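The values are calculated or read from the model by the stated rules, or taken from the named source; none is laboratory data. Source: prediction; values computed, not measured. Backbone-built Cβ (ideal geometry, glycine too); neighbour counts: all protein chains shown. These accessible areas exclude ligands, DNA and RNA; they are computed on the full protein's heavy atoms, side chains included. Shrake-Rupley method; radii C 1.70, N 1.55, O 1.52, S 1.80 Å.
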Amino acid sequence: MGPRVQLPPEIQLAQRLAGNEQVTRDRAVRKLRKYIVARTQRAEGGFTHDELLKVWKGLFYCMWMQDKPLLQEELGRTISQLVHAFQTTEAQHLFLQTFWQTMNREWPGIDRLRLDKFYMLMRMVLREALTALQTRGWDERQTEQLLELLTTEILHPDSEAPNGVKSHFIEIFLEELTKVGAHELTADQNLRLIGPFCTIAAQTQDSLVLHNIAQGIFETIVEQAPLAIEELMNELEEEELSEEEAQERGVLSREPPKGSVCRAQRPLDEQAGDDDEDSASTVLQFDYKAVADRLFEVASRQDTPPQNRKRLYKVIRKLQALAEGLFPEADIPEEAYQNPRGGRRVRMKKRLSRSQLQDQTGRNAKEALHSDSSPGSTRRRRRRRAGGDPPVPRERPRGHGGRGAPRRQRRPRVGAKAMIASCQEPKAKRKRTPEGQK
């Protein structure tokens, strides 16, 4: 019997990560983190591309074997935070690159029952990648490297990313960027971060990618514009109030003695203000004119497909309107224009001004208040409107042999008797006899 072959550490860890027992998998994840820290601290150390692919295959099946939702979330958070165990930016980017390559390779084999946890894993890995970029102060060079990596592995037409991976990445990009850097990023930095989406939207031949970028990136920016402007105004007001309060405190307030209650605790209104700031939802700030100019630059090129140019010009008009201070109205659905009745009604409703609608609704409300719902009052109202005699009721149809329910005959008025007497009586109907009795 020959000597036992010693497997590389990456393969051993991958086998334990994909084990059947949860205790074995959890222990392997902890050992992997220690192994990454120890290996990347050395100058000659580091991982190769193939080694990280083996590690990510083990991590993929570690997530595959986890069934309970709360444990899935905890495991996804632990796996995504492994990116911070790497000591250099190049090692972090290689770790992220092999992750997306693993997801592209394994995506067709994921069944629908396991899709949600891998959607969550992609979201968490993207968030930690942006967090790592945040810790380096949103450095411009490292930002470009990360965007180039994401574009090459996911968005580029030559990438091997399936439609599911592309669509989910486009959907979650602005959401995760908002969670990580909404309080720090400026409008110029946000424009740089969405730059690859502008380029791909103008170049792609895939209508699905074009629709997802237009809807998930640019239309989202347009929809969040009122919230962004409101948040900007609130920040300016808070800055003015803080300056005024600082001046008043410098003139009027005195430092309380040591050990007093005022020195130990902050005022309740300041604590409540901090809670409100944490609970308030934040959005990204954009220079809408700069975004429109950037889109027009890529959409107006000669090699841009016509359908891409048409779709992007529609977004550009909305952004230009926002830059001028005009918020776009809600679009009328296309089904209303296809239906002639529905379309006509929608157009008429849109033409009515607000004052006309209020007058119309006011008149309808008054009529509803003064009206009586009883049938007798309804008949009296009809007679008063007609101003004359009531109409002669129509004869009810009867069945065979002239049978039917007896009708209550109404007594005519005095003026109507003379008219009925002067009229010529109708001729009596001849009875039909059978042909044999003639």
Would it be correct to say that Ala91 is in contact with a Gly (Cβ under 8 Å, 6 or more places away or on another chain) and of a type in the set (A, V, I, L, M, F, W, C)?
yes
Out of Lys54, Lys68, sole residue that is more than 30 Å from the chain's Cα centre (by Cα) and either basic (Lys, Arg) or at pLDDT 95 or above (or both)
Lys54
Yes or no: Arg42 more than 40 Å from the chain's Cα centre (by Cα), open to solvent by 10 Å² or more (accessible area, probe 1.4 Å), charged (D, E, K, R) and over 25 Å from Leu130 (Cα atoms)?
yes
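Condition check ((1) open to solvent by less than 50 Å² (accessible area, probe 1.4 Å); (2) in a helix (DSSP H, G or I); (3) basic (Lys, Arg)) across all residues:
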residue: Ser80; (1), (2), (3): yes, yes, no
residue: Val83; (1), (2), (3): yes, yes, no
residue: Glu90; (1), (2), (3): no, yes, no
residue: Thr98; (1), (2), (3): yes, yes, no
residue: Arg105; (1), (2), (3): no, yes, yes
residue: Pro108; (1), (2), (3): no, yes, no
residue: Leu115; (1), (2), (3): yes, yes, no
residue: Ala132; (1), (2), (3): yes, yes, no
residue: Thr152; (1), (2), (3): no, yes, no
Could you tell me whether segment 7-20 includes any residue that is buried (at least 19 other Cβ atoms within 10 Å of the Cβ) and within 19 Å of Glu128 (Cα to Cα)?
no
